Amino acid sequence: MHCPLCNSNSKFFLAEEKREYWTCPVCQLIFVPAKYFISKQEEVEHYLKHENCLENAGYVQMFNEKIQILQRVCQSVRTVLDYGCGYEPVLKTLLTRDGYTVSGYDPHFFPDTDLSNAFDLVLSTETFEHFKEPGKEVARLTTLLSPGGYLGVMTRLVPQKNNLPELESFGNWYYKRDPTHIAFYSSETFAWIAGFFGMEIIFNNEKDFIVLQVKSQRELDEA
């Protein structure tokens, strides 16, 4: 079976809770095969159960903490795309309040957003784990970035031991139990993404938030 991120040959990792999980030895992605994907209607119904709204104080606080990181590590950002903003684009609202020009895109809830212009910052919060074809999705995201632009990704990183997925910890991991979560990443996965797509990691809290920046042409030439 081919990895949906880097297209390398992958190997079986775990079968649990009526799904299989495969792992890629090249990019370290762990993924669920397509035969276990739920329908689009089931996905939407599942998303609508989440209390992802401005009235959810914990949810808002989580975003505010991420915004503070972005303000520290991302310079000269004016335009932002919230990629996978959900049915209520809370992050878009918070960033707009802070003076950014923000657009929100979601394939289910806001599919008609104009993506013809490049953005200084593309944020994807709790979205990467839903990607059925992460290689194509990340490639698309890179085309939406302006020169020197930033990509911020919020997703839970895979439990590891000695920089490798740890079977027992992954088996007990709550994050994989969500039926819409089908792709799981580690720091090594994002290192592969950075190298393949001409970016560098400028922030990684080793838990749930990573920021990458597009390298300049000079940096790419020197690599």
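The values are calculated or read from the model by the stated rules, or taken from the named source; none is laboratory data. Model, not experiment: these values are computed from the prediction. Here the Cβ is made from the backbone with ideal geometry for all residues, glycine too, and neighbour counts use every protein chain on show. Just the protein is used for accessible areas: all its heavy atoms, side chains included, with ligands, DNA and RNA removed. Shrake-Rupley method; radii C 1.70, N 1.55, O 1.52, S 1.80 Å.
Restricting the stretch 1-49 to residues that are assigned to a loop (DSSP other than H, G, I, E, B) and out of contact with any helix residue (DSSP H, G or I) (no Cβ under 9 Å at 6 or more places or on another chain), which is nearest to Pro159 (Cα to Cα)? Taking the candidates together, the pick is Pro25. Exactly one residue out of Thr142, Thr101, Thr113, Thr125 is more than 12 Å from the chain's Cα centre (by Cα), among the hydroxyl-bearing types (Ser, Thr, Tyr) and closer than 25 Å to Pro4 by Cα: that is Thr142. Count of the stretch 181-204 residues, restricted to those that are of a type in the set (S, T, N, Q) and either loosely packed, with under 15 Cβ neighbours inside 10 Å or over 16 Å from Leu29 (Cα atoms) (or both), is 1.
Cβ separations smaller than 7 Å between residues 6+ apart or across chains give the following pairs from the stretch 14-31 residues that are more than 21 Å from Glu188 (Cα to Cα) to residues that are of a type in the set (Phe, Trp, Tyr) and surrounded by fewer than 18 Cβ atoms within 10 Å (Cβ to Cβ): Arg19/Tyr36; Glu20/Phe12; Glu20/Tyr36. Among all residues of the stretch 127-135, there is at least one that is at pLDDT 95 or above, closer than 22 Å to Asp208 by Cβ and among the small types (Gly, Ala, Ser).
So for the stretch 156-174 (the condition being at pLDDT 95 or above, over 27 Å from Lys18 (Cα atoms) and open to solvent by less than 40 Å² (accessible area, probe 1.4 Å)), does at least one residue qualify? Within the stretch 156-174, none of the residues are at pLDDT 95 or above, over 27 Å from Lys18 (Cα atoms) and open to solvent by less than 40 Å² (accessible area, probe 1.4 Å). Taking into account only those residues within the stretch 87-119 that are touching a Lys or Arg at 6+ places or on another chain (Cβ under 8 Å) and open to solvent by 40 Å² or more (accessible area, probe 1.4 Å), which is nearest to Thr189 (Cα to Cα)? That would be His108. Exactly one residue out of Lys176, Lys136, Lys132 is without any contact (Cβ under 8 Å) to a residue 24 or more places away in the chain and of a type outside the set (Ser, Thr, Tyr), and it is Lys136. Taken over the stretch 78-116, the criterion of being without any contact (Cβ under 8 Å) to a residue 60 or more places away in the chain, outside any loop (DSSP other than H, G, I, E, B) and among the aromatic types (Phe, Trp, Tyr) is satisfied by Tyr105, Phe110.
Counting only helices (runs of 4 or more DSSP H) that sit completely within the stretch 118-223, those holding 2 or more residues that are of a type in the set (S, T, N, Q) correspond to 134-143, 187-196.
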